[in-house]
Amino acid sequence: MRLNRSPRTTAGAALGTALLALLVPSSAQAVPSALPTVTPSAETAPLHDDEAGGNANADDPAIWRDDAHPDRSLVVATAKEGGLRVYDLKADLVQSIAAPAPPSEGAAPGRFNNVDLVSGLRTPTGGADIAVVTDRGRDRLRVYRIDPSRPGRPLADVTDPAAAPVFSANESEVDDQRTAYGLATWTDRRTGRSYALVSRRSETAVALLELRPTAAGTIGYRKIRTIELPASYRLPNGTKWTPCGEPGELPQVEGMVVDPAAGVLYAGQEDIGIWRMRADLSGKPVLVDKVREFGVPGVYDEETEECTPGADPGYGGKHLSADVEGLTLFQERDGDGYLLASSQGDNTFALYDRKISEHNAYEGGFRVGAASATLDGSEVCDGAAVMNEPLGRRYPRGLLVVQDGQETPAAPDGEGGERETTGFKFVDLGAVVDATDM
């Protein structure tokens, strides 16, 4: 999540609107109706993206359920250069794991971007629950075994030391930071094999990696295949459109989630919209919905490092405002459910029908607003995670965790300004269900 939108993101928001124009008629750009608001019940301690705060920046959460003791379930969340945070259901910090230091002077340090979980990974010693993290700084996956019998230290690093960069051929490419970015895990029900789907920063690539336990008890990976999503689009008016951004940067993917029953990956191309494709990356991707900014032209200004948008040709969608982020899946036992997406540009969350037979139709949305003067809502949300299972006394109807990109009240920076402050909000899933008629 970028508190200060990068040039590529700002420009991409404008261009993303243009892209949407390609797939959605101009009539789709009506102003959305008022959405219901839910409020959080708890929040994590604020993280600060500065030297004093360890350059910690909240990004992406995942929820691990302790089936034996649901009250002891955990939330695992990334904090960029601040590493990994583990919270209990009260949103209190349980464990903090540092990102790797740079291997040499001038090299990029570890930077944990996204996290997802695998339950019952097949290993030589039996099934294991693991957290998989994209280390954007070092272009690798980091893997942590979850052991609830270790109070205060439930996560242990089991990454294979021989794990190679996901996309980079050498250290120079690693330091260029076109590296492992978005993440979703998937276990193929036919074979029992587990995978990570990983996107590439500033590129349109998504790679499929098989997770491979070793006899030494560590976990590595090998790349199976990679696909490239479009970087530009032919609009209905016959013009070619590419989201505006810093020269050389392409419209990247970050938010991703796999529907395990269907074996389908949903991927949020930030300035474009939501793609649906087979989780094994075979077949042709389908654009489910576009951001409002799709098709909007833009001109990048090197002096301001921002894009100036042009006239909106009216080809964008009506439910998402760039960036599209934080994809997560609300699963129901009968196969129904919803795909949830963070519409970062307008601080809302969109809900889509989980059923492909219903063409993932839009079903509504909501906002996460302030519960009090000190417990604020979620703004410019990046990552999100939902668990539609009872989680003890606190969340008997399940839990939604969302990133808050503008944690308030912000702390002063000592120079008359405010520190960059982020965090995570815990929302009773029952309240979301009741508010949205899910």
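The values are calculated or read from the model by the stated rules, or taken from the named source; none is laboratory data. Everything numeric in this text was worked out from a predicted model, so none of it was measured. With ideal geometry, Cβ positions are generated from the backbone for all residues, glycine too; neighbour counts draw on all protein chains shown. The accessibility values were calculated without ligands, DNA or RNA, using every heavy atom of the protein model including side chains. Shrake-Rupley method; radii C 1.70, N 1.55, O 1.52, S 1.80 Å.
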Which value, in Å² rounded to 10, gives the accessible area of VAL257 with a 1.4 Å probe and all protein chains present? 20
Consider the candidate values (i) 29; (ii) 20; (iii) 33; state which one is percent of Cα pairs over 36 Å apart computed from the structure displayed. (ii)
In order through region 199-205: 3J(HN,Hα) via Karplus (6.51 cos²θ - 1.76 cosθ + 1.60), integer Hz, x for Gly, Pro: 8, 10, 4, 6, 10, 9, 6
Under 27 Å from the Cα of LYS223, which lysines turn up, not counting those fewer than eight places away in the same chain? LYS80, LYS284
What are the residues whose amide H is under 5 Å from the amide H of THR185, where those residues sit 5 or more places off or on another chain and H is modelled from the backbone? LEU117, LEU197, VAL258
Explain nothing, just compute: Karplus ³J(HN,Hα) = 6.51 cos²θ - 1.76 cosθ + 1.60, θ = phi - 60°, for every residue of region 413-425 in order, whole Hz, x for Gly and Pro. 8, x, 10, x, x, 10, 6, 5, 10, 9, x, 10, 10
Pairwise FRET efficiency - ALA107 versus VAL286, Cβ, R0 = 41 Å, nearest 0.05: 0.55
Efficiency of FRET from Cβ geometry, ALA98 and ARG190, R₀ 45 Å, rounded to 0.05: 0.75
Using a Förster distance of 25 angstrom, determine the FRET efficiency expected from the C-beta separation of THR226 and VAL299, and round it to 0.05. 0.20
So which residue, out of ASP413, ASP147, ASP280, gets the largest mean-square fluctuation from a GNM of the chain using Cα contacts under 10 Å as springs? ASP413
At 7 Å along Cα-to-Cβ for each site, give me the label-to-label distance between ALA169 and ASP434 in nm. 5.8
Mind grabbing the accessible area of SER202 for me, 1.4 Å probe, Å², rounded to tens? 0
Calculated from DSSP helices alone, with each H run of at least 4 adding -39500 (n - 2.57) and the total divided by the residues of the chain, [θ]222 nm to the nearest 500 comes to -2000 deg cm²/dmol
Once ASP71, ASP139 are ranked on solvent-accessible area with the largest value leading and a 1.4 Å probe, the list reads ASP71, ASP139
What is the set of long-range amide H partners of GLY120 at a cut-off below 5 Å, with H atoms built 1.01 Å from backbone N? ALA128, ASP129, ILE130
In nanometres, what is the gap between the two model label sites at ARG212 and SER357, each 7 Å from Cα along Cα-to-Cβ? 3.9
For the chain, which cysteines have no disulfide-compatible partner, meaning no other cysteine Cβ under 4.7 Å? CYS381
Farthest toward positive dipole pole in the chain [+1 Lys/Arg, -1 Asp/Glu at C-beta], among LEU250, ASN360, VAL86: ASN360
Given the whole protein assembly as supplied and a 1.4 Å probe, what does the accessible area of HIS359 come to in Å², nearest 10? 140
Kindly provide the trypsin sites (Lys or Arg not before Pro) of region 337-438 that DSSP labels as loop, not H, G, I, E or B, and whose Cβ sees at most 14 other Cβ atoms within 10 Å. ARG393
Springs between alpha-carbon pairs under 10 angstrom, Gaussian network model over the chain: which of ALA163, ALA205, ALA180 fluctuates most? ALA163
Using a Gaussian network model on the chain with a 10 Å cutoff between Cα atoms, which of GLY110, GLY364, GLY248 fluctuates the most? GLY248
Run the numbers for SER372 and ARG278: contour at 0.36 nm per residue of separation, minus the present Cα-Cα distance, in nm. 29.6 nm
Round to a whole number: what % of the accessible area of region 37-173 belongs to carbon and sulfur, probe 1.4 Å? 46
Pick out, from PRO409, ALA101, GLY392, the residue whose Cα sits farthest towards the positive end of the charge dipole of the chain, with +1 on the Cβ of Lys and Arg and -1 on the Cβ of Asp and Glu. GLY392
